[in-house]
Amino acid sequence: MNKKILIGGTGRSGTTILSRWLGSHRDICKIPVESRFILDKGGLIDLFYSLTKNYSIAQSRAALQHFYDLMMYHVNTPYHSPYLWYDFFGVFGEKFYRKEFSAFFDRLHCGTFVGSHLQTEERMWSLRRFIRKHLAKGNIYFNRISRQYFGKQANLPFFDPPEKSVYIARYFSDEGELLKLMGCFVNNLFYTFASRHGKNNWCEDTPANVLHLDFLKRLFDQAYFIHIVRNPIGVAYSMTNQTWAPKKYDQTVAFLSNIYEKLITANSYAKSHNIDFIEIKLEDLNRRATKNKILRFLDLDDDFDNSVEIDDSKINYWKSLLSSRDEKFLRRKLCKYMRYYRYC
């Protein structure tokens, strides 16, 4: 059986160590990159809504182009943001990846035509550059532009927009059809990667997984979700050392509070929709009872290669570094979530 295991949390909560430990099991393969291409801006989740509920000319066209750029360029340029160290060609094999992506992407559109992208481009065409270009040629449009640009009219000056290949996006009235296409595409990538490593199941540890539990459950049938929780004070302390999070504790509290509220909503959703979902405390991960709970949840035997050690001292290190004043502040501000996750 191909088991799909998705791990999530707040970020800085232990998703990586949990997936590394699970990946040391005889029959579970850890996917070596976070599946941000599913949940990030321009990823599968945006594409799904742009080709279904939010379908329009501009919305669908932009979503297709953004997704193509994401999957063919951004996740394959490891030395450029926003996907530093990502190299899907290297991870999955360039020939296989291109074949899988093309087969999937071709099902999302009805061909292309040559036209402008003015409705969907995220940059403005430079009037100054256009004028310089046509002045050099002595183009008669310059006078027309000058009259309109400096005259009483407020309309944009006339010019011929650049043209390129534009996708004709499909509208999916049947959301299930699109979800099946998307789920098969991702699972084919991950399952093939796992098979090459002699394993039948895969696990993946993008922190935002639990935040988008509803979408991912529709994307992956019979998926297992593990929410790994850490003491909110420890999470807050760790986040202040990250470039993607605030540096001041009052800002970190505001940042975290919204994440926790969404996580609580996701927890309720999982319970009400009978989803295979458990919450595990990072502080308990090294306990035999906790490990057995995870194995029972996943219906797996205890067959690890012992290559991954969980160091308790690296979990609660913040206690010796955080001042008593800052700890009191964080405890007071995050008390709701500390009570919810039983840390007080």
- [ ] Hey, can you find the accessible area per residue of region 269-344 for me, probe 1.4 Å, expressed in square angstrom?
- [x] 68
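What pairs in K41/K164; K4/K217; K95/K217; K30/K319 have C-alpha atoms more than 19 Å from each other?
Over 19 Å Cα-Cα: K41/K164; K95/K217; K30/K319.
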Task: the chain, relative contact order in percent, only Cα pairs under 8 angstrom and at least six apart counted - done: 29
Open item on the list: Over the chain, with a Gaussian network built from C-alpha contacts below 10 Å, which listed residue (K328, K30, K217) shows the highest mean-square fluctuation?
Closed with: K328
Open item on the list: Can you give me the distance in nm between label points at E261 and R170, each placed 7 Å from the Cα along the Cα-to-Cβ direction?
Closed with: 3.8
Task: Between region 1-36 and region 98-117, the Cα center-to-center distance that results, in Å - done: 31
- [ ] Would you look at the GNM of the chain, springs on alpha carbons closer than 10 Å, and say which of G183, G90, G234 moves the most?
- [x] G90
- [ ] Please compute the net charge surrounding K293, taking Lys and Arg as +1 and Asp and Glu as -1 over other residues with Cβ under 10 Å from its Cβ.
- [x] +3
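Given an 8 Å cut-off on Cα distances and at least 6 residues of separation, report the relative contact order of region 1-107 as a percent.
Details: 70 pairs, mean separation 13.1, N = 107.
Computed value for region 1-107: 12 percent relative contact order.
Based solely on its DSSP helices, what 222 nm [θ] is calculated for the chain when runs of n ≥ 4 H residues each add -39,500 (n - 2.57) and the sum is averaged over all residues, nearest 500 deg cm²/dmol? Kindly include the intermediate steps, with their values, before the conclusion.
Working: 15 runs with 161 residues, N = 344.
Theoretical 222 nm ellipticity from helices: -14000 deg cm²/dmol.
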TODO: Quantify, in whole percent, the carbon and sulfur part of the accessible surface of the chain (1.4 Å probe; protein heavy atoms only).
DONE: 50
TODO: Springs between alpha-carbon atoms under 10 Å, Gaussian network over the chain: tell me which of V235, V114, V186 tops the mean-square fluctuations.
DONE: V114
TODO: Can you tell me the dipole magnitude for region 254-296 around its Cα centre, using point charges on the Cβ only (Lys, Arg +1; Asp, Glu -1), in Debye to the nearest 20?
DONE: 260
TODO: Compute the separation of the alpha-carbon centres of region 306-333 and region 181-221 and state it in Å as a whole number.
DONE: 31
Open item on the list: I want to check the label-to-label distance for E327 and S268. Put each point 7 Å from Cα in the C-beta direction and report it in nm to one decimal.
Closed with: 3.3
TODO: Grab region 239-303 and count how many Lys pairs have their alpha-carbon atoms under 28 Å apart, sequence gap of 8 or more, or different chains.
DONE: 13
Open item on the list: Under 19 Å between alpha carbons, and skipping anything fewer than 8 positions from K328 in its own chain: which aspartates and glutamates qualify?
Closed with: D250
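For an R0 of 25 angstrom, estimate the FRET efficiency from the Cβ-Cβ distance between E163 and T77 and round to the nearest 0.05.
Numbers: r = 26 Å, r/R0 = 1.05.
The pair E163/T77 has a calculated efficiency of 0.45.
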- [ ] Taking only protein heavy atoms into account and a 1.4 Å probe, give the accessible area per residue of region 22-106 in Å².
- [x] 45
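The values are calculated or read from the model by the stated rules, or taken from the named source; none is laboratory data. Given the structure is predicted, the values throughout are model-derived calculations rather than measurements. Cβ atoms come from the backbone with ideal geometry, glycine included; neighbour counts cover every protein chain shown. With ligands, DNA and RNA removed, areas are computed over all heavy atoms of the protein, side chains included. Shrake-Rupley method; radii C 1.70, N 1.55, O 1.52, S 1.80 Å.
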